[in-house]
Every structure is written in structure tokens, then in C-alpha cells.
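Inspection log for the structure reproduced underneath, given as C-alpha cells.
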Ligand SMILES: Cc1ncc(COP(=O)(O)O)c(C=O)c1O
């Protein structure tokens, strides 16, 4: 009965071109990766899909830090943080992250989580409840949305980046506790929330602002300090979540906030309390990553990423202008996430397949991850790409464009 039911639903998904398939990477995360599909031999693809924005995931300093951390502190933590799993590398990393966030949040303290998903669940569910209201951008990441569900707090969603709508909703709200939650860089669009204006609203309406900086941490702001530093913001009302498996190249996430908020999370956040602490070696490697991000190498890598973003946008804008009939749209993004919106699910899949046929890996993103009718290629750049890599992608898209044009005229 259950299996029949699931098979029916799987067929329905397949009919709508919504089936997702995993590929297996046979080599480390890097622009050139050996990748296999079930039953097929591995092949080398030029990948534009990881969130390894600074190209640190396979950096020798970090792989060595991970190995050294394992030699010194073992492979596993053995228990949750509140039992016996909290070790010296975790404590050191939290102190470093607190110092990292100090220019943004006065007296900041930080808490290290196993994943960003768990950190977002923790923050929203532990801080909001039936007597509070959560205000959430429509395009927020799934983990923030799930955090709201878990909190059982009343939810007010506002249209993507529509701060007039947010202002109206805040003005009508009567609950004493108000939590605005927003991605800093939106993961499927690459655009940046207006954090300055959002914080001004939080201050005016006595609300708290939870910022998910998964895609800004390490990339934006001086020394990669993140999206809030990019805007030069500083406030006690900020609660910041940053992930450490994207630009930082390792794994895990942190929440930085007022000391009382962090204390409350330690006491009550279920995704912090009821899970085994991440291996200490992981925290040790993240500490090494912070040093790289803040140092000269981080600066050079951010500059390289910026050059590639400019190159890609210039070349793609020209390609789209040559082929307006295809209806492709380059998202308005200044970050490493450069979505090419093509519309229909099948069109996005066909474009992704056309690139794969030319040895490139750019995933098609479809609903429910993005709104219906806005299926896209999510092109992601990394500092470890080269100008030639970007040229190859644009040439590949140009070939695909000619094929698409022929099929339109057939
Ligand atoms: C905006 C955003 N928030 C949170 C997460 C979750 O982070 P993690 O992968 O560390 O669980 C992601 C992506 O994975 C994300 O894109």
C-alpha cells in the first residue's frame, strides 16, 4: 500500500520533469571533477555547482588541519555538547567566531552547530513561539521556513525584498516579540537583501533581525567578514547564522548573537542539545579556514571571484541580447550565484544536459526549490575557476543556444 502510493507519486513527479538524481563525485570538490552516474563510467566535468566560493574545500592547509585535528583530538566527539562532546577545538573556534562577529554585534558570542540547517532550526524555534511573530521573506531558505514551522509562532510572509510590505506587517503586529528572518544572499537568485533598511525597520518596530549569511560569510565584506560587514552594520538586535561548509570549505555553521541569546540556545535549542557534537577535527579545520579567509590569500581569492563574476555577467548579457526570442534572463545578482532563468522545467533540464554533453556540470533547479515557471541553471563561480573556464561555459551555452534556436524554427 505505502509502496504503491509512493510509486504513484514518484511517477507524477517524473511526468512533471521533477525527478532528482544524484551524481557521485569520485574526486575532491574542484572545478574539474570526476563524476559518475549509476551504471556509467566516471567522466571529468567542469563544474559550476558547488558553494565552494573561495575554492578552499580541497585546500592543502585545510586537509592538513583536518588530519592534524584527527590525530590530536580523534575521529569523533563521542557525545553531544552538553554531555561530554564539547572539546577544546570547539571552544577555540567559538571564541574566534565571536571575535570575527564583534564588529557587527557588540559583545557577540558564538555557538558552533553541525550544519546550517540545524542552526537555523535552532534559532527560529528557540527564539520564537506562540507569543511572538515571525516575519519571513518569501524566498528564504527551507531551513528558516522549517524553523518557523517548528516554533509554532504565527508567520507573516512578505514578498521577496518588499520592505514596504514588511513595514506594514510590523506596524500591524501586537505581539511583544518580533523576529524578522531573512537570507542575506538568496541562495537560488544570488541577490542581496537590503540589510541596512531591514535593520532600520527592526530598530523602529522593536524587532530582532535574524540574518542567514550562508552565502555571504567569507565572500562579502572586508576580510570576508560577511554581508553585515559589507553594509557596515552594527547592532545588538542582530542574530547571525553563517555556514562553514560553503566559502569556508569545511562543514558546520555558527550562530553569533548577544550573550543572553547564545545562553538561551545552549539551554534550549534542540538541534544543538540532542545531537552528537561535530568531530573536533572539523572545528580545528574551520579555525584554519578562518585564518585563510581573513589573510592575504582570502583577499586574493575574493578578488579573483569578483573578476570572474564580472566576466560571466558581461559575456552572458551579450549572449542573451543576441537571442531574445529564447526568453532567458540573467538574475540581478552581484554575487557568485549567477542564475540563468529559462522558465520551463524541461527547458532547464535540456540546457543542463546540453552543457553536460560538452563536459560541463551546471545543475537545473526546478520547483519546489524555485517558483513554478522560473526553472533555471544555477551557475556558481568559485575563485578556483579560471577566465578560460568561464569562457568555456559561455561558449557551451552559445552552442546550446544555437540548438535551441534550430528546434524553435523546426
Ligand atoms: C541560505 C542557506 N541557509 C542555510 C543552508 C544550510 O546550510 P548547511 O548546508 O550548512 O546545512 C543553506 C544551504 O545549504 C543555504 O543555502
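The values are calculated or read from the model by the stated rules, or taken from the named source; none is laboratory data. Because the structure is predicted, anything quoted here is derived from the model rather than measured. Glycine also receives a Cβ, built like all others from the backbone with ideal geometry; neighbour counts cover every protein chain displayed.
In the stretch 162-192, how many are more than 20 Å from the chain's Cα centre (by Cα) and outside any loop (DSSP other than H, G, I, E, B)? Break it down stepwise before answering.
Of the stretch 162-192, the ones more than 20 Å from the chain's Cα centre (by Cα) are 162-179.
Next, from what is left, pick out any that are outside any loop (DSSP other than H, G, I, E, B): 163-172, 177-179.
Number satisfying all stated conditions: 13.
Mind checking whether some residue in the stretch 186-198 is closer than 23 Å to residue 381 by Cα and in contact with a helix residue (DSSP H, G or I) (Cβ under 7 Å, 6 or more places away or on another chain)? Talk me through it step by step, then tell me what you get.
In the first step, residues of the stretch 186-198 are kept if they are closer than 23 Å to residue 381 by Cα; the result is 186-194.
From what is left, the residues that are in contact with a helix residue (DSSP H, G or I) (Cβ under 7 Å, 6 or more places away or on another chain) are 192, 194.
Scanning the stretch 186-198, I find at least one residue that is closer than 23 Å to residue 381 by Cα and in contact with a helix residue (DSSP H, G or I) (Cβ under 7 Å, 6 or more places away or on another chain), so the answer is yes.
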**OP:** Please give the helices (runs of 4 or more DSSP H) falling wholly within the stretch 249-297 in which 2 or more residues are assigned by TED's automatic domain parsing to the domain that holds residue 119, in contact with a helix residue (DSSP H, G or I) (Cβ under 6 Å, 6 or more places away or on another chain) and within 16 Å of the ligand (Cβ to nearest atom).
**Re:** 270-273, 280-294
Original post:
Quick one: residue 235 ticks every box in (1) over 24 Å from residue 154 (Cα atoms); (2) in contact with a helix residue (DSSP H, G or I) (Cβ under 8 Å, 6 or more places away or on another chain); (3) buried (at least 21 other Cβ atoms within 10 Å of the Cβ) bar one, so which box is it?
Top reply: (3)
Original post:
Picking from 144, 150, 93, which residue would you name as being away from the ligand (no atom under 14 Å from the Cβ), assigned to a helix (DSSP H, G or I) and touching a strand residue (DSSP E or B) at 6+ places or on another chain (Cβ under 7 Å)?
Top reply: 93
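Have a look at 159, 207, 202 and point out the one that is more than 18 Å from the chain's Cα centre (by Cα), within 23 Å of residue 243 (Cβ to Cβ) and more than 16 Å from the ligand (Cβ to nearest atom). Can you show your working first?
Numbers: 159 fails: within 23 Å of residue 243 (Cβ to Cβ); 207 fails: within 23 Å of residue 243 (Cβ to Cβ).
Result of the check over 159, 207, 202: 202.
Run down 268, 310 and say which single residue is surrounded by fewer than 23 Cβ atoms within 10 Å (Cβ to Cβ) and over 21 Å from residue 51 (Cα atoms). Reasoning before the result, please.
Numbers: 310 fails: over 21 Å from residue 51 (Cα atoms).
Going through 268, 310 in turn, the sole match is 268.
Against the condition without any contact (Cβ under 8 Å) to a residue 60 or more places away in the chain, touching a helix residue (DSSP H, G or I) at 6+ places or on another chain (Cβ under 8 Å) and away from the ligand (no atom under 16 Å from the Cβ), how does residue 65 come out, does it pass?
Details: without any contact (Cβ under 8 Å) to a residue 60 or more places away in the chain: no; touching a helix residue (DSSP H, G or I) at 6+ places or on another chain (Cβ under 8 Å): yes; away from the ligand (no atom under 16 Å from the Cβ): yes.
So residue 65 does not fit the description; no.
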Subject >> Checklist (1) touching a strand residue (DSSP E or B) at 6+ places or on another chain (Cβ under 6 Å); (2) modelled with pLDDT of 95 or more; (3) more than 30 Å from residue 63 (Cβ to Cβ); (4) in the same structural domain as residue 368 (by TED's automatic domain parsing) applied to residue 328, failing item >> reply: (2)
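When you look at residue 195, is it surrounded by fewer than 24 Cβ atoms within 10 Å (Cβ to Cβ) and away from the ligand (no atom under 13 Å from the Cβ), yes or no?
Numbers: surrounded by fewer than 24 Cβ atoms within 10 Å (Cβ to Cβ): yes; away from the ligand (no atom under 13 Å from the Cβ): yes.
In short, yes.
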**OP:** Within the stretch 240-260, work out how many residues are surrounded by fewer than 24 Cβ atoms within 10 Å (Cβ to Cβ) and more than 17 Å from the chain's Cα centre (by Cα).
**Re:** 3
Subject >> In the stretch 65-91, the residues that are more than 25 Å from residue 270 (Cβ to Cβ) and under 25 Å from the mean Cα position of the chain (by Cα) >> reply: 65, 66
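Counting just the residues of the stretch 205-223 that are touching a residue at least 12 places away in the same chain (Cβ under 8 Å) and over 26 Å from residue 377 (Cβ atoms), which one comes out surrounded by the fewest Cβ atoms within 10 Å (Cβ to Cβ)? Don't jump to the end; show me each part of the working.
Our first condition is that a residue be touching a residue at least 12 places away in the same chain (Cβ under 8 Å); within the stretch 205-223, this holds for 205-220, 223.
Next, only the ones that are over 26 Å from residue 377 (Cβ atoms) stay: 205-211, 223.
Numbers: 205: 16, 206: 12, 207: 23, 208: 21, 209: 25, 210: 29, 211: 26, 223: 16.
The residue in question is 206.
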**OP:** Within the stretch 11-42, count every residue that is over 25 Å from the mean Cα position of the chain (by Cα) and at pLDDT 95 or above.
**Re:** 2
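Could you list, in sequence order, all residues of the stretch 100-141 that are in contact (Cβ under 8 Å) with a residue 24 or more places away in the chain, more than 13 Å from the ligand (Cβ to nearest atom) and in a loop (DSSP other than H, G, I, E, B)? Steps first, answer last, please.
Going residue by residue through the stretch 100-141, those that are in contact (Cβ under 8 Å) with a residue 24 or more places away in the chain are 100-101, 103-137, 139-141.
With the extra rule that they be more than 13 Å from the ligand (Cβ to nearest atom), the set shrinks to 100-101, 103-111, 125-135.
Those that are in contact (Cβ under 8 Å) with a residue 24 or more places away in the chain, more than 13 Å from the ligand (Cβ to nearest atom) and in a loop (DSSP other than H, G, I, E, B): 103, 104, 105, 106, 107, 108, 128, 129, 130, 131.
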**OP:** May I ask you to list the residues in the stretch 142-155 that are without any contact (Cβ under 8 Å) to a residue 12 or more places away in the chain and over 25 Å from residue 276 (Cα atoms)?
**Re:** none
Subject >> Members of the stretch 147-168 that are farther than 27 Å from residue 334 by Cα, out of contact with any helix residue (DSSP H, G or I) (no Cβ under 6 Å at 6 or more places or on another chain) and surrounded by fewer than 19 Cβ atoms within 10 Å (Cβ to Cβ) >> reply: 149, 152, 154, 168
Subject >> Lone unmet requirement of (1) in a helix (DSSP H, G or I); (2) outside the structural domain of residue 84 (by TED's automatic domain parsing); (3) out of contact with any helix residue (DSSP H, G or I) (no Cβ under 8 Å at 6 or more places or on another chain); (4) in contact (Cβ under 8 Å) with a residue 60 or more places away in the chain for residue 311 >> reply: (3)
Original post:
Failed condition for residue 224, given (1) under 22 Å from residue 58 (Cβ atoms); (2) away from the ligand (no atom under 16 Å from the Cβ); (3) touching a strand residue (DSSP E or B) at 6+ places or on another chain (Cβ under 9 Å), with all others met?
Top reply: (3)
